[in-house]
Structures are given as C-alpha cells and as structure tokens.
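Asker: Got a structure for you, questions after.
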Amino acid sequence: MSDTQAIRRILDARAAQLATALAEDQRAADELEVAACTVGNERYGFPVRYLREIVPLPAITRLPHSPAWILGVAQVRGSLLSVVDLARLCTVGGPSSPRHLAVVGAPEGPIGFTVDDVLSCRLVSLALLDPEARDRAEHRAALGVTEDLLVVLDIPKLLASPELIVQ
C-alpha cells in the first residue's frame with residue numbers, strides 16, 4: 001500500500017466518523033427529553049429542561065378566594081411554591097388522583113403542577129408531534145401530541161397563561 005492510499009484511508013475514516021457525529025447532533029436537536037406523567041385519563045410530557053424535580057405531593061395550604069385550579073401553596077425543600085391542579089386547569093377527562101408534584105422553574109419562582117403518576121423519561125421527536133393539537137382549547141399550552149397521545153407541554157406558554165395570574 002502506498003503512502004497516498006494510506007492517507008486516503010485515514011481521511012475517509014475520519015470523514016465517516018465526523019459525518020456520524022453530525023447526524024447524531026442533528027437528531028439530538030430534533031428530540032426533546034420529557035418526563036411522561038398521567039393526569040386523569042390523559043398523559044402529559046414535561047420537558048426536562050424546565051423541570052426542577054418531581055416530588056411526592058406535599059401538604060398544601062389552601063389560599064382563600066383563589067380559582068379552583070390553584071390548590072394553594074406548598075413547601076418543597078425549603079421553598080414556598082404555588083400548586084396548580086393540572087387536571088382542572090386543562091379540563092382533563094376522567095378522575096384525577098394527584099400523588100406527585102412536577103416542579104418547574106418560572107421567572108417568579110418555582111411552581112408545582114399536580115400529576116397522578118410518573119411513567120418514564122423519554123425522547124420525543126419534535127418533527128413527529130401533531131401541531132394541530134395546539135389549536136384545541138384543552139391543549140392551548142401544548143407543543144403538540146405524539147402518535148401515542150402524549151401531550152407535550154409548552155412550559156413557557158403554560159406559565160404565561162392568564163389563568164395562572166392571580167391578583
């Protein structure tokens with residue numbers, strides 16, 4: 001084998017390796033890691049980048065004169081946060097039995113959303129989400145819905161909902 005052939009083989013191997021890394025980066029840019037949870041008869045995906053933690057449902061202190069979907073406030077790891085009943089806020093079908101609190105970071109401080117069960121963490125392809133679900137009223141804060149009917153939440157849009165602003 002000549003030096004030219006050896007150099008060519010090395011360069012081809014490096015090019016193939018770089019092409020594989022580029023394909024993986026493009027795939028990763030299209031995917032979103034979500035924590036899949038049940039709420040009533042539905043399943044919601046919380047993007048992990050906004051999720052601080054999911055904890056067992058703590059004791060909640062009710063606030064007078066607050067809307068029905070704001071359950072009150074709770075203490076989680078020394079921080080006081082508002083607790084939102086996701087089933088009521090999103091008018092979820094079926095009975096909801098909240099057992100966990102999905103704590104997300106918000107500009108005003110953390111806020112907790114009640115969920116029934118935590119199923120798993122998984123990757124969701126943004127390209128495969130059904131965007132028409134965003135237009136339906138019950139999913140107004142959704143990035144879309146997966147083929148297996150997981151509603152992927154748009155956390156910034158959810159936090160900006162007028163319903164969550166209590167005066």
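Asker: Answer with yes or no whether residue 38 is of a type in the set (S, T, N, Q) and touching a residue at least 40 places away in the same chain (Cβ under 8 Å).
Answerer: Answer is yes for this residue.
Asker: Among the residues of the range 68-78, which ones are part of a loop (DSSP other than H, G, I, E, B) and exposed (fewer than 14 other Cβ atoms within 10 Å of the Cβ)?
Answerer: 68, 77, 78
Asker: Please enumerate the residues belonging to the range 103-116 that are of a type outside the set (Gly, Ala, Ser) and at pLDDT 90 or above.
Answerer: Within the range 103-116, 103, 104, 110, 111, 113, 114, 115, 116 meet the criteria.
Rundown of residues vs (1) in contact with a strand residue (DSSP E or B) (Cβ under 6 Å, 6 or more places away or on another chain); (2) part of a strand (DSSP E or B); (3) at pLDDT 85 or above, yes/no style:
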{"residue": "4", "(1), (2), (3)": "no, no, no"}
{"residue": "9", "(1), (2), (3)": "no, no, no"}
{"residue": "19", "(1), (2), (3)": "no, no, no"}
{"residue": "28", "(1), (2), (3)": "no, no, no"}
{"residue": "46", "(1), (2), (3)": "yes, yes, yes"}
{"residue": "65", "(1), (2), (3)": "no, no, yes"}
{"residue": "96", "(1), (2), (3)": "yes, no, yes"}
{"residue": "101", "(1), (2), (3)": "yes, yes, yes"}
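Asker: Could you give me the residue pairs with C-beta distances under 8 Å whose first residue belongs to the range 96-110 and is touching a residue at least 60 places away in the same chain (Cβ under 8 Å) and surrounded by 13 or more Cβ atoms within 10 Å (Cβ to Cβ), whose second residue is of a type in the set (Asp, Glu) and assigned to a loop (DSSP other than H, G, I, E, B) wherever it lies, and which are 6+ apart or on separate chains?
Answerer: Cβ pairs passing all conditions: 100/116.
Asker: Here's something else I'd like to know. For the range 48-63: of the residues being touching a residue at least 40 places away in the same chain (Cβ under 8 Å) and part of a strand (DSSP E or B), which is surrounded by the fewest Cβ atoms within 10 Å (Cβ to Cβ)?
Answerer: Once the filter is applied, the top-ranked residue is 56.
Asker: For the range 30-44, which residues satisfy the criterion of being surrounded by 14 or more Cβ atoms within 10 Å (Cβ to Cβ) and either modelled with pLDDT of 95 or more or not in a loop (DSSP other than H, G, I, E, B) (or both)?
Answerer: Residues satisfying the conditions are 31, 32, 33, 34, 35, 36, 37, 38, 39, 42, 43, 44.
Asker: Looking at (1) more than 24 Å from residue 56 (Cβ to Cβ); (2) in contact with a Gly (Cβ under 8 Å, 6 or more places away or on another chain); (3) modelled with pLDDT of 85 or more, which is the one condition that is false for residue 143?
Answerer: All conditions are met except number (2).
The values are calculated or read from the model by the stated rules, or taken from the named source; none is laboratory data. Here the structure is a predicted model, which means the values were calculated and not measured. Every residue, glycine among them, receives a Cβ derived from its backbone with ideal geometry; neighbour counts consider all protein chains shown.
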